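Once you've had a glance at the structure underneath, I'll fire off some questions.
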Amino acid sequence: DQGAEVDCCDKCPSCIKIDKAIHPDVFLLAPENGQIKVETIRDIGKSLSYKAFEGKWKIVIIDNADTLNQSAANAFLKTLEEPSDQSLLMLISSMPELILSTIRSRCQRINFFPLPLNKISELLEHVYSAEEPQTQSDSPVLKKTGSKQTALLGMLSGGRPGWALSKNLLERRDTAFNEFKNLLKGIEENLWVDRDAMAEWFYWVQLWLRDIAVLKATSRADLLINQDREKEIKDISKKAELKDILKLSNTLYNIKELLRFNLNKQITLYHTYLLLKKTFC
């Protein structure tokens, strides 16, 4: 049937192996300690030189392809210039401008966009309704999930299915907010583990500042993203002027964008603390 959609079944041996990252013809690469090194790319090049073991194609998926260091990028360029037969190379990046232009010019670009809230909610309802009862009771996110809960998760995810389906999304949100409130009182040492933790923390803070500004400007709780934390947001919004909140949000956004340049964690933390203190204290 040419009109039928082709998708994975998630049940056959190939699907199961891919899910477990043990399929001999599918290679998943991700940065280690913030970068993808040349040794990894060379190993992939060798693997691609052989025929597929189980299927017709060999697949390489490089997540955060912008973290290819200079040597790795040059080595990968050679693979792109002379790709082996029946091979498919996929590079995933939220910052493609950081990938070598010579690599980008040899790739077909496919843009992905956040899902609308109603689509995210439908996805969550579908996934959670398929969960077995014993699974639902084990997770606070899945427990008695209703339209309000799925809408909240959808808004918190920013339209990203991977985040929306994360069973600890609310916990991560709450942890970041508690750290935000504690930082208003004083500097916490070792607040962030690595750059990814820093980036996620700034994402959540931007979300909080958005809600604080909205409540300050409109007094409408129905426009909040974090509607389940309305009282705390309202309390914080009383401590600053709208123009100062917007200025802080813009400054923190710029800091988040600069994280790609490996900002010093402690200096960034101290600077952020001073910005928060100046605005809300």
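State whether the residues of segment 105-123 include one that is at pLDDT 70 or above and among the β-branched types (Val, Ile, Thr).
Here is the first cut: in segment 105-123, the ones at pLDDT 70 or above are 105-123.
Of the ones still in play, those that are also among the β-branched types (Val, Ile, Thr) are 110, 120.
Yes, some residue in segment 105-123 is at pLDDT 70 or above and among the β-branched types (Val, Ile, Thr).
Return the only residue of Thr175, Thr272 being under 27 Å from Thr67 (Cβ atoms), of a type in the set (Ser, Thr, Tyr) and open to solvent by less than 20 Å² (accessible area, probe 1.4 Å). Give the steps one after another, and end with the answer.
Values: Thr175 fails: open to solvent by less than 20 Å² (accessible area, probe 1.4 Å).
The conditions single out Thr272.
Something else about it: Just to be sure before I move on: is Glu54 touching a residue at least 40 places away in the same chain (Cβ under 8 Å) and more than 26 Å from Lys265 (Cβ to Cβ) in the structure I sent? Give the derivation first.
On the way: touching a residue at least 40 places away in the same chain (Cβ under 8 Å): yes; more than 26 Å from Lys265 (Cβ to Cβ): yes.
Yes, satisfied.
Residue under question is Gln70, and the condition is that it be more than 20 Å from the chain's Cα centre (by Cα) and at positive phi; does it hold?
Values: more than 20 Å from the chain's Cα centre (by Cα): yes; at positive phi: no.
For Gln70, the condition - more than 20 Å from the chain's Cα centre (by Cα) and at positive phi - is not met.
Taking segment 80-99, which residues are of a type in the set (A, V, I, L, M, F, W, C) and either over 30 Å from Leu258 (Cβ atoms) or within 17 Å of the chain's Cα centre (by Cα) (or both)?
Taking segment 80-99 and keeping what is of a type in the set (A, V, I, L, M, F, W, C), we get 80, 88-92, 95, 98-99.
Correct list: Leu88, Leu91, Ile92, Met95.
Listed residues Asp235, Asp194, Asp211; which is at pLDDT 95 or above and either among the polar types (S, T, N, Q) or on the phi < 0 side of the Ramachandran plot (or both)? Quick ask: steps written out before the conclusion?
Values: Asp235 fails: at pLDDT 95 or above; Asp194 fails: at pLDDT 95 or above.
Exactly one residue qualifies, and that residue is Asp211.
Let me ask another. Hey, could you check segment 184-236 for residues that are charged (D, E, K, R) and either in a loop (DSSP other than H, G, I, E, B) or touching an Asp or Glu at 6+ places or on another chain (Cβ under 6 Å) (or both) and say which is most open to solvent (accessible area, probe 1.4 Å)?
Once the filter is applied, the top-ranked residue is Lys185.
Confirm whether Lys256 is basic (Lys, Arg), within 30 Å of Asn33 (Cα to Cα) and buried (at least 16 other Cβ atoms within 10 Å of the Cβ). First the steps, then the outcome.
Working: basic (Lys, Arg): yes; within 30 Å of Asn33 (Cα to Cα): yes; buried (at least 16 other Cβ atoms within 10 Å of the Cβ): yes.
The answer is yes for Lys256.
The values are calculated or read from the model by the stated rules, or taken from the named source; none is laboratory data. Being a predicted model, the structure only gives us computed values, none of them experimental. Reconstructed Cβ throughout: ideal geometry from the backbone, glycine too, with neighbour counts over all protein chains shown. These area figures cover heavy atoms from the full protein model, side chains too; ligands, DNA and RNA do not enter into them. Shrake-Rupley method; radii C 1.70, N 1.55, O 1.52, S 1.80 Å.
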